Structures are given as C-alpha cells and as structure tokens.
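Below: the structure, in structure tokens.
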Amino acid sequence: MKFKPKAIAVDIDGTILNSRSEMTSSMKNSLRRAVIQGIPVIICTGRMYLTSLPFINEIGTTAPGVFYNGGYVRDLKTGKTIYKRGLGFELTREILDFYRENKWYIQLYQDDKFYVVDANDLRCRYYVSISHLEPQSLGKDFWEFRADAAKLLGIASDKSTIREMLLRTREHFGDRIYLAKSWGAFAEMVHPSVNKAHGLDMAANFLGIDRKDVLAIGDAGNDIEMIRWAGVGVAMKNAPDIVKDAADIVTPEDNDHDGAAWVIENYLD
C-alpha cells in the first residue's frame, strides 16, 4: 500500500475495542508502533475524555483527542481545550422535554460527567458496562437540570424503539442537532456544527497535517463524516452498510479479530 499516513485517527468502541470492550495486545501494539514511528494517533470518539483515558494511556498517544463526537477537542499534552461546543441551554432543555414526553431514556453529559434519572435503570447499567464510569443520579431533578450539554444520549432496549426514537427525533429537531446512531441502540445528539470530521480537522490542523495524509478508521454512523473526510477512510467489517459505503477500504476482519490492526500494520509496512 503506497499511502503513508502522517496521522491515524481511530474510533474506540467497535473499532479498536472488541465486543467485550477490550483492546487486544495486537491492536495495542499496532497503535503503539505508529506512535513510536512518529505518526500521531488521534482518538476520535463519542465518549467523554475520562472514559477514553485508559485507552489513551495504553496506546501512549499524546496527539489531540476528539471527544463527544467532535464537541470537545483536547490537547493531551497540556490538557488545554482546543475546541468546545455544547448544545446550548435552551436546546438541551427542549430535547430533555421531548424525551420525557415520549417516555424515552436519555442521559446528559457536561464537564466530563454524565447524569441520569436512575442509575439502576437497565439501560444505564448497560452503558456503565461499556464505559466503566458511574453516573450522577439526580432522580426527578434530572428533568429540571440546567445544562449546556456537550452531548445527550438516548438509549433504547429494543430495535423498534431505537428506530422510532431516531425517526421522531430527526423529524422534530431536523438540522438543529447532529444525530447519529451507534452501538445499535444509542441515539447520540450534539450541536449541529459538531461531528468527528470537524473535530478531526481541528486536531490535524493543530498538528500541521493535511487531511489527505490522514488515515481514519471507524464502525458506526457517527464515523461517516470522519471516514469521508480523511485521505483514506476505513470502515470496519462489523460496520453497517451505510458506513462501508462511505469508506475507501473495508477491513477484512471485524473488531473481534483485530481488523483495524490489520489495516494499520499494512500501512505502516
């Protein structure tokens, strides 16, 4: 493969982590090898910074990180904020009211914490099993919580509910929010100017790297813009067809068989 990346952007869940939310030694070694070769590894995730940090430390990357689907870009060397954009107080409130009226589950992210009505809700426990971070449980006060949310996340317990949630949220809010599906059950909502491509663009500019020299790998709907933006965009074998259609390459193996590591190794070689 003739393309030689000057930066590698990777999603976390479903990409560099397997279905048990673990990073294999092969995946870790491939990313570390890139870092050792002087190729910045840019984490681009819907996760918050704190839940991404264990994997950042495992890889040893100090390149700027892109969190909340691009709503927060952080210089990992200094801890300084490169970019931050929330939904705003009014829109946060409107989305919360809409989800409450429809009796859908939703959780709120602000200042690297996430807030819920009930931490014992099964949908919350499912998320905690992935993120390994406990929420702030507010009870009924959650619905009156005043926040400029970095991200709002709806979680459905079945396929029909997530379909309805995504359809009606998109119909109601239109282009006032950026809405993406992930994990098959998550409806991720951030400011409409925010997406991973926008965040990755700022991270690459911070490093002085042109988009044509970036290799980007992802698996979900919130990775589509990033995959299209990069010089070489890669979709995981386990990605939905809509993500694969946006990519230049599809990995020969899924996230349970180090598909992302295979691609990275080939480009490093």
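The values are calculated or read from the model by the stated rules, or taken from the named source; none is laboratory data. Computed from a predicted model, the values in this text were never measured in an experiment. When we count neighbours, we look across all protein chains shown, and the Cβ atoms used for this are built from the backbone with ideal geometry, even at glycine. Accessible surface areas use protein heavy atoms only, side chains included; no ligands, DNA or RNA. Shrake-Rupley method; radii C 1.70, N 1.55, O 1.52, S 1.80 Å.
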Phi to ³J(HN,Hα) by Karplus 6.51 cos²θ - 1.76 cosθ + 1.60 over segment 252-267, Hz, x for Gly, Pro: x, 10, 8, 6, 7, 10, 6, x, 5, 4, 4, 5, 4, 4, 5, 6
Cβ crowding within 10 Å averaged over residues, with 257-265, 154-162 ranked highest first: 257-265, 154-162
Residue-averaged 222 nm ellipticity for the chain, from DSSP H runs of 4+ at -39500 (n - 2.57), nearest 500: -10500 deg cm²/dmol
Over segment 151-214, relative contact order from alpha-carbon pairs under 8 Å, at least 6 apart, %: 31
Ranked packing of 194-201, 120-127, 228-235, 108-115, most packed first, by mean Cβ within 10 Å: 194-201, 228-235, 108-115, 120-127
Per residue accessible area of the chain, 1.4 Å probe, in Å²: 44
Length added when fully stretched, Leu53-Glu164, from 0.36 nm per residue minus Cα-Cα: 36.6 nm
Largest-first ordering by accessible area, 1.4 Å probe, given options Glu164, Glu225: Glu164, Glu225
For segment 1-120: rounded, prolate or oblate by the Cα gyration tensor [a/c cutoff 1.5]: prolate
Highest to lowest packing among 178-187, 132-141, 206-215, scored as the average C-beta count within 10 Å: 178-187, 206-215, 132-141
Rounded percent of accessible protein surface that carbon and sulfur make up, the chain, 1.4 Å probe: 48
Candidate lysines - alpha carbon under 28 Å from Lys77, same-chain residues fewer than 8 apart omitted: Lys4, Lys6, Lys28, Lys113, Lys151, Lys196, Lys212
Difference of contour (0.36 nm per residue) and Cα-Cα distance, Asp248 to Asp118: 42.6 nm
